[in-house]
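Worksheet for the structure shown next.
Please treat every number below as a calculation from the coordinates, not as lab data. Values in this document were obtained by computation on a predicted structure and should not be read as measured data. Here the Cβ is made from the backbone with ideal geometry for all residues, glycine too, and neighbour counts use every protein chain on show.
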Amino acid sequence: MTRERIAIIEDDPFFADCLKMKLQISDNLDIEVYSNPDEFAEKITTKEQVNRFDFILVDYLYGKFTASHKGVASYLVDDLAYTGKIFLWTLEDERNIKFKDDYDAILPKKYFSLEQLKTIAKSC
């Protein structure tokens, strides 16, 4: 059985920990958490490294900067040739912002199970 792999890029430890706990209900899942896009970019530098993830959940806001300002989606797709699903997750009041980057879905900041993420991914 192949294990699913998820990367979470989230600067708020509360949200990162809660989501990780919810997702870890599945025994067939490996999760890596990065505290911001810069940490992710320092550790994930090749196509092979990034494409081991089935899903990447990207927080919208990092202090004064957004995921768009940090160029997260373009780094994943253009620079690293990522082929999996990229989900931007954000607080409800941030969801009306127009996103320039190419995400497969924009999700409300709540806690998803692995099966819910797979269902969302199939609809993208």
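General observations
- Short-range pairs are left out: with C-alpha atoms under 8 Å and at least six residues apart, the relative contact order of the chain is 26 percent.
- The lysine pair count for the chain, using Cα distances under 18 Å and pairs eight or more places apart or on different chains, is 21.
- Computed [θ] at 222 nm, deg cm²/dmol, the chain (DSSP H ≥ 4; -39,500 (n - 2.57); rounded to nearest 500): -7500 deg cm²/dmol
- With the biggest extent put first, the Cα atoms of the stretch 4-123 measure 35, 35, 28 Å across the principal axes.
- For the pair residue 110 and residue 51, a Förster radius of 22 Å applied to the C-beta separation gives a FRET efficiency near 0.25, rounded to the nearest 0.05.
- Which of 65, 49, 86, positive extreme of dipole for the chain (C-beta unit charges): 86
- Electrostatic dipole magnitude of the chain [Cβ: Lys, Arg +1; Asp, Glu -1; Cα centre; debye, to 20]: 320
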